[in-house]
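We did not get these values from a lab; they are worked out from the coordinates using the rules stated. No experiment lies behind these values; they were computed from the predicted model shown. Cβ sites come from the backbone with ideal geometry, for glycine too, and all protein chains shown count toward neighbours.
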Amino acid sequence: MNNTKKRLTLKQRKLLNAAMIIVALLIIVGVNILASVLVGRFPNLEADVTSRGAYSLNATTEEYLEYMESKVSVTVLTTEEAFSGRTDDSGSSSYYYQVNKLLKEMSVYENFELQYKDISAASASKLSAEYPDIDWTSAENLILVEAGDRYEMLTVSDIFTYSQDYAYYYGMSVIESQSIEQCLLTSIQHLTAENTLKIAVSTGNSEFLNEHSQVYAGYSGLIDLLEDNAYEVVSLNLLTEELTDDIDALLMLAPAVDITNEQSEKINNWLENGGEYGKTFMYVPFDFMESSKNIDLLLEQWGMKVRSGYIYENDLSMALSGGSTPQLTSIVNYADESFTEDLKTSALPVIMPYSMAVEITDETLAAPMLTSSDSADLLLLNQEGEEPVYEKSTGKALNYAAVATKGNDDLSKTSNLVVWCSYDGVSVSAISSSNFNNAPYFVNIFNKTLGNEAQAIVVESVNLGFESLTVSSAQQVTVFVIFVVLIPLMVFALGIVVWVRRKNR
C-alpha cells in the first residue's frame, strides 16, 4: 500500500493559490459591504470625525426625540439619492448631504418615521386635495412634517441660510449654514402642542421690535427664538389696538416713548383678565427714555421701580473679560431657582450688558430673578458734569431682573409682570451664543409664567465652511486595530500560506 501523499500538479497549485487570494479579497469586500449595510440600517454606527460633530445630532435633539411621545412622520419630497446629491449654485452638495445624514440619525428613534417620496410626477391638484394648506406649486417645498391630522411644510429657505455676499456680488444662491434640527423640533412642537400660546410684541411706542426701527435687525432674533419654541408671535400697537383675551403675553422691548394713561389701563385690565389672570407682561426699559412717568406708575403698582443707572460690577469674577469697561458687561447670579429648574444646565451664565437696575419696593408682590454680587455699584445716568457719578454699594445685591405676581385671594390664578433690565441681554449676539444661557432662560420665563411645560429648545445652526476633522480616542483605537493590526495580519497570514505552498511544490 502506497502511503505517499499525492502531490498537486503545478496547475492545481496555481488554481488553489488564486482561489485563496480570491476568497481573502471576497472576505474583505464582504466586510465592507456588511459595514455599509449596517450603517444604512443603523446610521448611528457611522463615525463622525468632524471637530464639531457636524454629522451627529445635537444633545438637545437626541433628548427631545428620546422622550417624544407623539408619532411624527417626516417625508422628504424626492428620492434619497436626489436629495443628498442636490447642489446650490456653487455646485456643492455638502449641506444637503449633511441634512440627509442628520435625518437618518433621527430615524432611529421610535416615534420618528422618515421616508422619501418623489412627487415630481404627482399632480398639484391631487396633493392639494390631501394637504389643502400647502402651496404645491412652490419650488421651495422640501420636507413634509405630519403628526396625526396636522401637518407643516419645511421649505428650502426654512432650513438653509444663504450667503448675502454671494447673492449681492455674483447673484448666486450659496448655502452657508443649515438648521434642520431646530426647524424639525419647532415644527414638531407646533404640531403636537395642545394649545399654541400667543405673545404680542408691542410696537406703538418706538420699541426696538418695531420693523421700522433702525436697530430692529439686531433684536429680531428674539421673535425667531420665541417662534422656534412654538409660540405664536404677533405685532400689536397699543395706541390703536386692543389687548384681546387670546393674547397670553405682552413683550415691550426698549420703548423710547412713555406709555399713555390709556395704554397703562389697557395693560392693567388685560393682566387682571376679569379675575381669571393667567397673563404675563415683560417690560425691558430703555436707558435714554426722556420721560417714563406712566410706566413708572404702572411698575409701582406691582412693587417695582427701574433705577436710572447701570449696574457696575466690582466683583471682577462676574465681569466679562474684554472691552473697555468689563464691569458693565456682567455675568449674573440666578436668584430664583424656579426659572432654572427646566434649563438643560444652570452651569452656563446669563450675561446682562449695560443693564439698568430694578428695585423691589414691595416684597409681598415682587422678587428678584437675576442679581449682581453684593459689592456692585450703580453708575448713575443723566448726571451733570464730566466725571461719572456712582451710587456706592450698600452691601446688598442689585437686581438685573425681577418678577411681580398678582392674582386672586388664594393665588390659584395669577398674572405676572417681569422687568428685564438689559436690552443687550436679548440682542441677536447674546441669544445666539452657546456660551451663555440667555436664550433658554428668556424662553423659560414665558414657559414658567404661562404654565407651558415645554422645555426651551435652542439648537445652534451649523456652518461647514471652516470644519476640520478630528478623531476621538475610541475612534483612533478602532481605526488602528482595523487598518494597522487586523488587515495587515490577514495579508501577512495569506502571504505565509502562499509562500509555504509554493516552497513545497
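Structure notes:
- Computed over neighbours whose Cβ is under 12 Å from that of residue 64, the net charge equals -4, Lys and Arg +1, Asp and Glu -1.
- Residue 164-residue 224 FRET efficiency (beta carbon distance; Förster radius 22 Å; 0.05 resolution): 0.85
- The stretch between residue 300 and residue 120, if pulled fully straight at 0.36 nm per residue, gains 58.6 nm over its current Cα-Cα span.
- Spatial separation of Cα centroids for the stretch 137-166 and the stretch 187-259, in angstrom: 23 Å
- Counting DSSP beta bridges with both ends in the stretch 43-181, the antiparallel % (nearest 5): 70 percent
- Once both labels are positioned 7 Å from their Cα atoms along Cα-to-Cβ, the gap between residue 19 and residue 268 label points is 9.9 nm.
- Spin-label proximity, residue 389 to the stretch 303-319 - amide N less than 17 Å from point 7 Å beyond Cα toward beta carbon: 307-312
- Residues 106, 172 in ascending order of nearby Cβ atoms (within 10 Å, fewest first): 172, 106.
- Residue 113-residue 411 pseudo-label distance in nm [points 7 Å out on the Cα-to-Cβ vector]: 4.7 nm
- Across 126/198; 101/344; 71/279; 392/413; 101/448; 293/396, pairs whose alpha-carbon gap is larger than 29 Å: 126/198; 71/279; 392/413; 101/448
- Cut-off 14 Å between beta-carbons: net charge of the residues surrounding residue 145, Lys and Arg +1, Asp and Glu -1: -4
- Here the stretch 197-449 carries DSSP beta bridges of which approximately 65% are antiparallel, counting only pairs with both residues inside.
- Look at the dipole of the stretch 197-449 built from charges on Cβ: of 233, 418, 388, the Cα furthest out on the positive end belongs to 388.
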